[in-house]
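Before any comments, here is the structure.
The values are calculated or read from the model by the stated rules, or taken from the named source; none is laboratory data. From a predicted model like this one, the values you see are computed outputs, not experimental measurements. We place every Cβ from the backbone using ideal geometry, glycine too, and count neighbours over all the protein chains shown. To get the accessible areas, we keep the full protein, side chains included, count just its heavy atoms, and leave off ligands, DNA and RNA. Shrake-Rupley method; radii C 1.70, N 1.55, O 1.52, S 1.80 Å.
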Amino acid sequence: MNQAIAFAPGELDRAAHLRNADTTFKDSRARTMVFWRGKLLADADDRPMQVALDHPALGDAREPAIFLGLTDNGPRFAADLPLWTPPEDASTIGQFVDQSLQVHPAWPTAKFVEVRSVMPTLSRLDGELVATGRALLGWHGSHRFCANCGSQSMVESAGWVRKCPQCGTQHFPRTDPVVIMAITSGDNLLLGRGPSWPEGMYSLLAGFVEPGETIEAAVRREVVEESGIAVGTVR
Ligand SMILES: [Zn+2]
């Protein structure tokens, strides 16, 4: 079996030393993935569309594309189009499983798809690019104003920092540590499901680690919170 696993150890060269250089933006092989409200612009095979950085439709971006790293095919970026409004109803966006597809007139053969639905079929590299781009763009979208003084902050370091021009505070992308656990009893495995999930979908229990908490303590707390079951040894 040669199944790609999303979030597996990375193949992307993040090239952090190039984040303050403009050479990546000027590279003729530079391409960007395009996101809209957290959804990915994908081709007919559900692969991320790779768009030139000077494509006119990127005028609906509010901020510059984020430099994600270098690949064998050139620098790769992620761009968000918050200013674009699709012609059709988009009321299902944000649901746990959003099956709606939006078509942008600039890319009539592509569509915006929910990332969760395509993640299992992406290559390891594409999966890493999509996960990184979506996480960073989501953070930018909800952190446009300085948490210290309330002024509008600016993108720096090709999207890996926001800086406040008023008070000088730097803000860095948020990363949330989580635990996911296999709770067993003999041959039985504990699974759960959310009320909004599709019929037949179950998951291992999982949750966020709290500040100062050990991973083992987070496992015990989350399992009790979600199932009422006290667990034994955590390893
Ligand atoms: Zn500030």
Residue match in segment 159-169 (condition: basic (K, R) and over 15 Å from F67 (Cβ atoms)): yes
D46 vs. criteria assigned by TED's automatic domain parsing to the domain that holds G138, acidic (D, E) and under 17 Å from A158 (Cβ atoms): no
Meets criteria (in contact with a helix residue (DSSP H, G or I) (Cβ under 6 Å, 6 or more places away or on another chain) and β-branched (V, I, T)) for V155: no
Residue ID - nearest to the ligand (Cβ to nearest atom), chosen from residues in segment 125-150 that are part of a helix (DSSP H, G or I), farther than 13 Å from W36 by Cα and open to solvent by 40 Å² or more (accessible area, probe 1.4 Å): S142
